Amino acid sequence: PLQKKATPKEKKKYEEAVKNYKLKVQKVELRKIKQEDLIKVRELRSEDRKQLQKAKLAYKKDQLAAREDKIKVSIFEAFL
């Protein structure tokens, strides 16, 4: 806190200290925001990976089902 009878030099030092403190606080807040954004990006990436895995599994299941159908049809045709 600044005293009421402070000299101009003391006032200037105090004002600079306040400015520096405010800048430090802003930098810390920006870091926190950036970290939160990184966490969100990581979460999105993991969700995307999960969706891709599900899509790949569904595609593989469809391919297997199609192969089984072809085999069944070819076996059926062989007996005709």
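Readers should treat all values here as calculations from the given coordinates under stated rules, not as data from a laboratory. Keep in mind the model is a prediction, meaning the values are calculated, not measured. Every residue, glycine as well, gets a Cβ built from its backbone with ideal geometry; the counts of neighbours run over all protein chains shown.
Given the structure, is residue 15 out of contact with any Lys or Arg (no Cβ under 8 Å at 6 or more places or on another chain), in a helix (DSSP H, G or I) and closer than 30 Å to residue 2 by Cα? Outline the logic, then answer.
Values: out of contact with any Lys or Arg (no Cβ under 8 Å at 6 or more places or on another chain): yes; in a helix (DSSP H, G or I): yes; closer than 30 Å to residue 2 by Cα: yes.
Here the answer is yes, as residue 15 does meet what is asked.
On inspection, residue 32 passes the criterion of being of a type outside the set (Gly, Ala, Ser), at negative phi and under 28 Å from the mean Cα position of the chain (by Cα). Pairs are defined by a Cβ separation below 9 Å, a sequence spacing of at least 6 or placement on different chains, a first member in region 1-21 that is free of Cβ contacts under 8 Å to residues at least 40 places away in the same chain, and a second member that is of a type in the set (Asp, Glu) and assigned to a helix (DSSP H, G or I); the pairs so defined are 2/10; 2/15; 3/10.
Restricting attention to region 1-12, the residues being surrounded by 11 or more Cβ atoms within 10 Å (Cβ to Cβ) and assigned to a helix (DSSP H, G or I) number 3.
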